[in-house]
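Some notes on the structure that comes next.
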Amino acid sequence: SVALKAFNRFIVTLKFSEIGPFIGTTSATFVRLWNDLTGEERQTATGTLEYIIMHNADNLTSYVQDVADLSEIPELYLVNKKLMEIRSKWSFTQRSNFLLKRIGSENEVVSLQALKELKGLMTSATSE
């Protein structure tokens, strides 16, 4: 809990251009660990993601493709809604290409999360 609070303070203190490269890793890690977080830790993680996605949407443009899918976490409904609004005009090809780039990440958490998202994207595309 202390580490997450310190990380949140770190994120909100720096310029957005300085934290941008860490957004993908941060969001994928939160998604991966969500079920292991306490209620207080989830609140802190939610606050961090709200700051990144909801309060800095204009600054997120260069990094929005790096943000992990948040749709499976009910507590992040509003954050995910904003993320989906930002991504609403992406074509299937754009989504796929962004996911393929994340799959190639050296960070295992980012890569595995992107694989999961690509599977979901392919499943939804075949059911349409």
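The values are calculated or read from the model by the stated rules, or taken from the named source; none is laboratory data. Since the model is a prediction, treat every value here as computed from it, not as a measurement. Because the Cβ atoms are built from the backbone with ideal geometry, glycine has one as well, and the counts that use them run over all protein chains shown. Accessible surface is based on the protein model in full, side chains and every heavy atom, while ligands, DNA and RNA are left aside. Shrake-Rupley method; radii C 1.70, N 1.55, O 1.52, S 1.80 Å.
Inclusion of Leu118 among residues that are touching a Ser or Thr at 6+ places or on another chain (Cβ under 9 Å), over 23 Å from Phe10 (Cβ atoms) and modelled with pLDDT of 95 or more is warranted. Is it the case that Phe10 is closer than 22 Å to Leu112 by Cα, free of Cβ contacts under 8 Å to residues at least 24 places away in the same chain and open to solvent by 50 Å² or more (accessible area, probe 1.4 Å)? Answer is no for this residue.
Checked against (1) touching a residue at least 12 places away in the same chain (Cβ under 8 Å); (2) under 14 Å from the mean Cα position of the chain (by Cα), Ser96 meets all criteria but (2).
Looking at the structure I just gave you, is Leu33 out of contact with any Cys (no Cβ under 6 Å at 6 or more places or on another chain), open to solvent by less than 30 Å² (accessible area, probe 1.4 Å), farther than 19 Å from Gly120 by Cα and in a helix (DSSP H, G or I)? Here the answer is no, as Leu33 does not meet what is asked. Scanning the range 43-63 for residues that are over 11 Å from Val12 (Cα atoms) and open to solvent by less than 60 Å² (accessible area, probe 1.4 Å) turns up Thr44, Ala45, Thr46, Ile53, Ala57, Leu60, Tyr63. Please go through the range 83-117 and pick out each residue that is buried (at least 19 other Cβ atoms within 10 Å of the Cβ), of a type in the set (D, E, K, R) and more than 17 Å from Trp34 (Cβ to Cβ). The answer is Arg102, and nothing else.
So, Ser71, is that one open to solvent by 30 Å² or more (accessible area, probe 1.4 Å), on the phi < 0 side of the Ramachandran plot and over 12 Å from the mean Cα position of the chain (by Cα) or not? Please lay out each step first, then the result.
Numbers: open to solvent by 30 Å² or more (accessible area, probe 1.4 Å): yes; on the phi < 0 side of the Ramachandran plot: yes; over 12 Å from the mean Cα position of the chain (by Cα): no.
Spelling it out, it is not the case that Ser71 is open to solvent by 30 Å² or more (accessible area, probe 1.4 Å), on the phi < 0 side of the Ramachandran plot and over 12 Å from the mean Cα position of the chain (by Cα).
Please state which one of Ala68, Ala45, Ala3, Ala28 is closer than 21 Å to Leu121 by Cα and part of a helix (DSSP H, G or I).
Ala28
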